[in-house]
Structures are given as structure tokens and as C-alpha cells.
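The values are calculated or read from the model by the stated rules, or taken from the named source; none is laboratory data. These figures come from a predicted structure and were not determined experimentally. No Cβ is skipped: glycine too gets one built from the backbone with ideal geometry, and neighbour counts run over all protein chains shown.
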Amino acid sequence: MLAEKSIGIGGAAVDGDDLNWMELRPTDQGRYVLVRRDASGHVADVTGAPHNVRTRVHEYGGGAVTVRDGVVWYSNVADGRLYRLDRGGTPRAITREGSLRYADFVYDPRRDRIVAVREDHEHLAVSRTAGADDRPAEAVNTIVALPASAPGEQTVLAQGADFYAAPRLSPDGSQLCWLSWNHPHMPWDVTELWVADLDGAGTPSNVRLVAGGDGESVLEPQWSPDGVLHFVSDRTGWWNIHRWTPGSGVEALTAERAEFAGPSWQFRMSHYAFDGPARIVATYVVEGMSRLGVVDTVARTLTPVPVPFSHISPSIAVRNGHAYVAAASPATLLALVDVDTATGEHEVIRSSASVAIDSAYISEPEVLEFPTEKGRTAYAFFYPPRNPEHSIPEGELPPLLVRTHGGPTAHTPAMLSLDTQYWTTRGFAVLDVNYGGSSGYGREYRQRLDGAWGIVDVEDCVNGALHLVRQGRVDGARLAIDGGSAGGYTTLAVLTFRDSFAAGTSFFGVADLELLARDTHKFESRYLDRLVGPYPQRLDLYRERSPIHHTDRLSRPIALFQGLDDRVVPPEQAEAMFEAVHAKGLPCALVTFEGEDHGFRKAESIVTAQDGELWFYSRIFGFDPAGPVEPIRIENLPER
């Protein structure tokens with residue numbers, strides 16, 4: 001079910017009477033497809049094979065498609081080019097071949113052009129003195145305008161900053177806003193919101209900064225139907241909705257201890273949308289749980305919409321009192337749903353799974369607040385094992401799998417996940433940890449990780465597991481931990497620097513922080529300046545917290561799974577860690593995947609990784625896994 005009977009859903013967008021959305025299809029080599037439902041209710045794919053609607057700007061992409069009056073413009077990840085697809089037509093490229101990438105683009109009808117974020121890998125530039133800190137040259141990011149129908153001259157509209165996002169045109173086309181930020185900041189740390197006037201030809205002038213900078217993160221700018229600029233800012237310590245007008249400046253429309261935005265790992269995240277000039281439909285997070293509400297911009301009130309969802313993806317679209325969102329609950333899988341914002345009644349348009357799960361097998365999460373270091377509280381979701389056909393042997397407690405999310409500036413939602421249920425139906429308890437540094441709990445909680453990556457996250461994962469052990473809910477001798485990317489780093493750090501866990505699995509995780517600082521993509525190349533310390537000035541911290549330099553302290557079995565096309569965390573990280581663990585004589589495994597990059601999208605890769613992790617624990621903990629499981633090769637494994 002996880003690999004072959006489920007899809008990814010997101011990116012809802014309204015275009016007249018049409019509803020469009022994106023689907024990720026693991027059984028189609030992990031291809032992203034744009035899907036359309038027309039006014040008659042007919043659903044059909046818009047983009048066909050072999051095109052894969054995805055972009056690699058910032059490597060994580062997002063914002064790979066825009067639709068206007070039935071015409072589609074999209075990025076094809078294989079060649080990085082933009083394509084135009086008219087209704088009933090065939091795709092035609094509107095950008096030339098080369099090493100240019102595009103994302104977060106919008107159509108400018110007044111001038112028949114596309115305005116986009118462009119990332120130039122052809123003419124690399126060094127943003128600091130060449131060789132000064134042993135970092136590679138970087139791609140150049142700008143905002144450009146390009147012809148909407150055929151390849152032609154591209155005009156740079158904004159340049160000079162390290163990063164750009166969210167170019168948005170006012171309804172009458174007379175103004176353009178955008179976000180920018182510079183190293184070493186990430187968009188959830190410090191961004192700037194700019195506005196420019198556009199003349200008839202679309203040339204910007206009177207460029208002014210209207211919000212952001214000086215420790216403020218501004219995200220998701222949007223123009224209301226009557227031309228008022230709105231955005232989300234965390235100037236109060238929480239991401240709330242604000243608006244800007246030339247006469248009044250910045251005004252807050254919400255003042256909640258809630259997050260109306262999230263870390264912008266991808267382009268075109270949308271936590272709110274307009275249903276008229278004075279009505280905003282928004283999704284927001286309170287203590288890690290999503291909610292839906294309506295903001296009256298005149299009265300400045302927030303009215304919750306009664307929906308059963310605990311997770312709502314940041315891709316909301318609105319039309320005539322209805323919100324279209326990808327949502328899930330603790331008992332229902334992610335689905336694209338149509339929500340009546342007046343009543344909360346909803347209808348499923350497209351489910352992420354083609355088969356249903358018997359509720360008897362579903363383990364629902366328990367919100368867990370537990371004590372951690374310095375008298376603080378950390379958060380997690382606990383899933384006990386559940387399978388009506390089996391029970392835990394008398395006198396035993398279940399093994400625990402602690403899960404560490406990536407980012408690390410991100411959060412794990414409380415929702416029905418086939419990945420989690422895979423483990424709980426097989427007798428494992430699962431603890432999904434939102435360690436200090438996670439989003440969804442305000443800026444102060446998010447900043448706990450500043451200068452403390454590899455410390456706070458490690459402490460919270462260990463303390464969460466030990467909290468359950470003290471409560472007598474899990475077996476303290478059979479604690480496992482896993483995670484991907486930044487979560488893989490936390491996993492390796494826990495296994496290296498602590499002795500609480502018996503085994504762990506890293507998916508494309510970081511073993512060497514110095515190597516990550518020197519050899520990763522531009523978007524994250526200075527991320528560690530905040531999380532660890534400035535590089536190379538604090539090289540001591542990078543080596544002190546890198547598991548690869550302390551394998552002498554490691555005494556736990558490790559499995560590693562890695563995509564060979566990964567540019568975010570290159571394969572050399574997993575290979576070096578494997579060699580070090582293997583040399584110590586510890587049980588270890590390294591499984592690599594051709595054609596996969598940062599995250600596995602193909603069905604066969606998902607199956608191999610999921611079953612491979614289970615097989616690894618079965619050999620370490622000494623049990624026979626349920627059902628047919630394809631073994632992986634484990635080195636240094638003692639005979640049973």
C-alpha cells in the first residue's frame with residue numbers, strides 16, 4: 001500500500017471553473033503530474049509522460065506550474081526548461097536548453113509574459129572572496145520576465161540578493177512584489193518584502209522595502225482582489241497575517257499564538273487564499289496541529305471552521321465559499337477535499353490511497369509533552385502498536401522506533417501515515433518527535449536549535465524515548481531511531497554520542513558537518529552558520545558534533561540508505577560512515593539507489609528501504625519479520 005497503492009497530493013489551484021492539483025506517482029518512476037477536474041466533474045491528467053512537472057531551484061523545488069484560463073506553464077525537471085501547454089494542444093518549450101532553472105512563476109496577462117525565479121548554473125558566481133572559506137562557487141538567483149509563448153529574450157527584474165521567491169503581480173499589473181534574503185539567513189530567519197511599480201512595458205521602478213529584515217521572517221505575499229498587499233510575518237514571535245498599504249504601513253490582521261505559515265523549504269507554499277477582498281480562508285498550526293479558519297479583514301477576526309483534520313498541507317485554494325485543501329486526520333489518509341467554509345462539511349475529491357484501511361489496524365497518535373534539558377518541555381506524537389490479529393507476548397513490552405524529521409527546521413504532523421502504520425501493525429511503537437527547533441510552536445521554540453544542532457535535537461529524542469521507558473510503555477532494551485536528511489544526522493549523532501538506543505537507520509543523513517558546509521547546494525550552504533556556528537571559524541564545533549569523527553564512541557548497529565543522485569547530502573557521506581562502522585566490526589548495511597536523489601520517489605526504492613529497515617532490526621533484535629521481506633546485506637552480523 002505504501003509504495004504501490006498510494007500517491008502524493010498537493011498544489012491545489014483554482015482556474016475559473018477548473019480545479020487543478022499535483023500528484024506524485026511512485027509507480028510511474030516518481031513522476032509528478034498535473035491533474036485537472038473541469039466544470040462537469042471530469043478528471044484527467046493534463047501533463048503526460050515523459051514530462052515530470054518538477055523543478056530543482058533550491059534543489060527542493062516547488063512552484064513548478066502555473067495555470068491561467070486553461071493554459072498551463074510548467075517546468076520539466078529532466079531538462080529544466082519551461083513548457084507551455086494550451087488546452088487540447090501539445091507542450092512546447094518556451095525557454096532554451098541550458099543550465100537555467102525556473103520556479104515560482106506567474107503569468108503577466110497585461111504583457112503576455114512569465115515572471116519567474118531563475119537560477120543560473122551556467123554563469124556561476126562567488127558571493128564571497130574566491131577561496132576565502134573553501135566553499136564552491138554558487139548559482140545566481142534572479143527574478144526575470146520571459147515571453148509566454150516561445151523562447152526569447154529574458155529581462156532581469158530583480159537581482160543582487162542571494163535568493164528570491166514569490167514574485168506576485170497586483171491584479172491590475174501595475175505593481176510587483178517579491179521576497180529576497182541573503183546568506184547566512186534562511187527564509188524562516190530573515191527575509192525582506194519588496195514592492196516595485198511597473199510601467200506599461202513592465203519595467204520596475206520606485207523599488208521599496210515594505211517589511212522584513214532585522215530578525216523578521218516575512219513569507220507568502222499575496223495581493224487581495226482589490227490590490228492590497230498581504231503577507232505573513234513572525235514579528236510578534238508567531239507567523240501571523242499582516243497587510244501593507246502605502247498610507248497606513250503594516251497592520252496585523254491576526255494576533256494568534258499560532259503559525260499561519262511554515263518554513264519555506266519549497267516555493268509557493270500557500271497557507272491562505274482570498275475569497276473576496278475582505279475574506280481570507282487560512283490554515284494555521286496550533287501546538288503542532290492544523291486548523292482551518294476564516295479571517296474577516298475589516299473586523300480583523302478569526303472564525304474557526306469545524307473540520308476533523310489534524311494536518312492541512314500549505315496549498316490552499318478557494319472559490320465561492322469553498323476551500324480545496326490536501327488534508328488528513330489521525331484516522332484518515334491525506335486526501336484532496338472540498339470544504340464548505342461556512343459549515344465545515346467536506347467531500348473527498350481524490351484520496352492518496354486507492355484502498356481503504358480497516359480502522360481496527362489504525363494506531364492513532366497521542367499528543368506527548370515530555371520534560372527535557374534545562375527544565376524545558378518538548379513535543380512528540382506517540383503511536384502504540386496495534387494489530388487485531390496479534391498481541392504482544394505476555395511479560396514483554398513493545399520495541400520503540402523514534403522518528404526524527406528532516407529540516408531540521410520543519411515539523412512532523414499528527415496524521416494517518418502508511419509509513420507509521422507499517423511499524424505499528426508489526427508490533428513497534430512509534431514516537432514522532434518535534435524536537436526543539438521544530439516549527440509549529442512559535443519562533444522561540446524554533447530558535448532553540450540555533451547554535452545547538454546535534455545537542456538539543458539529540459537530547460529531545462533521547463528524553464522522549466526514556467520518558468516512555470520510565471512510564472513502562474516500551475522496552476528500554478529495544479529502542480531504535482531513524483530519520484532522513486537532517487533527521488539522519490540526528491539519528492547518527494544519537495547513536496554515536498549516546499548509548500540509549502540499540503540500533504538505528506539513516507536515510508541520506510549527514511555524517512560530516514564540515515563536508516556538508518563545503519559540499520552542498522547553494523540554498524543550504526550557510527544554513528549551518530546559524531545551527532552550528534560560522535564556518536570555517538568554528539571548525540572545532542563542526543568536528544566536535546560530526547559522527548564521522550567520533551566513531552570510536554559508536555557501539556550500535558547502523559543501516560544507511562542513500563540516493564546516488566543526491567546533491568543535498570552527497571553519497572560520500574553515507575559511504576564514509578559505512579566504511580567507518582564496518583571497520584569497527586559493528587553490524588552495518590549500506591543500500592544505494594540509482595536515479596534517486598534527496599528522498600525516494602520510485603515504488604521499488606520505497607519498498608526496498610522500508611522492508612530493508614525492518615529486516616535490519618529483525619536481525620539485530622532477534623525476531624522473524626511478518627510476511628515476505630526482501631533481505632538486505634548486513635555486514636559483520638553474528639550468526640543467530
**Asked** Do we have residue 517 as closer than 20 Å to residue 60 by Cβ and in contact (Cβ under 8 Å) with a residue 40 or more places away in the chain here?
**Response** yes
Taking the criterion of being loosely packed, with under 15 Cβ neighbours inside 10 Å and either at pLDDT 95 or above or within 21 Å of the chain's Cα centre (by Cα) (or both), would at least one residue in segment 322-336 satisfy it? no
Just one listed residue, out of 215, 262, is surrounded by fewer than 22 Cβ atoms within 10 Å (Cβ to Cβ), under 25 Å from residue 58 (Cα atoms) and within 23 Å of the chain's Cα centre (by Cα), and it is 215
Next on the checklist: It is to be established whether one or more residues within segment 530-540 are in contact (Cβ under 8 Å) with a residue 60 or more places away in the chain, among the small types (Gly, Ala, Ser) and out of contact with any Gly (no Cβ under 9 Å at 6 or more places or on another chain).
Outcome noted: no
For segment 624-636, pairs from a residue that is assigned to a loop (DSSP other than H, G, I, E, B) to a residue that is of a type in the set (Lys, Arg), with Cβ under 7 Å and 6 or more apart or across chains, are 626/426; 634/619
By my count, helices (runs of 4 or more DSSP H) wholly in segment 463-560 with at least 2 residues that are surrounded by fewer than 24 Cβ atoms within 10 Å (Cβ to Cβ) are 513-518, 527-531, 539-544
Considering segment 147-199, residues that are of a type in the set (Val, Ile, Thr) and assigned to a strand (DSSP E or B), and then whichever is surrounded by the fewest Cβ atoms within 10 Å (Cβ to Cβ), we arrive at 156
When every residue in segment 509-529 that is within 18 Å of the chain's Cα centre (by Cα) and among the charged types (D, E, K, R) is compared, the one farthest from residue 452 (Cα to Cα) is 522
Checked against (1) at pLDDT below 95; (2) not in a helix (DSSP H, G or I), residue 397 satisfies every condition except (1)
Determine, yes or no, whether residue 561 is within 21 Å of the chain's Cα centre (by Cα), of a type in the set (A, V, I, L, M, F, W, C) and over 24 Å from residue 450 (Cβ atoms). yes
Counting only residues in segment 27-66 that are among the hydroxyl-bearing types (Ser, Thr, Tyr) and in a strand (DSSP E or B), the one farthest from residue 595 (Cα to Cα) is identified as 66
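Yes/no per residue for (1) of a type outside the set (Lys, Arg); (2) over 21 Å from residue 323 (Cα atoms):
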site	(1), (2)
235	no, yes
243	no, yes
249	yes, yes
258	yes, no
261	yes, no
266	yes, yes
272	yes, no
275	yes, no
280	yes, no
Counted residues in segment 250-265 being touching a residue at least 60 places away in the same chain (Cβ under 8 Å) and among the hydrophobic types (A, V, I, L, M, F, W, C) come to 1
By residue number, the members of segment 224-241 that are over 11 Å from residue 261 (Cβ atoms) and in contact with a Lys or Arg (Cβ under 6 Å, 6 or more places away or on another chain) are 228, 230, 237
Picked from segment 67-98 (must be within 28 Å of the chain's Cα centre (by Cα), outside any strand (DSSP E or B) and aliphatic (A, V, I, L, M)), the residue surrounded by the most Cβ atoms within 10 Å (Cβ to Cβ) is 77
Checked 506, 438, 500 against criteria (polar (S, T, N, Q) and more than 22 Å from the chain's Cα centre (by Cα)); the one match is 500
By residue number, the members of segment 352-363 that are of a type outside the set (A, V, I, L, M) and surrounded by fewer than 18 Cβ atoms within 10 Å (Cβ to Cβ) are 354, 358, 359, 361
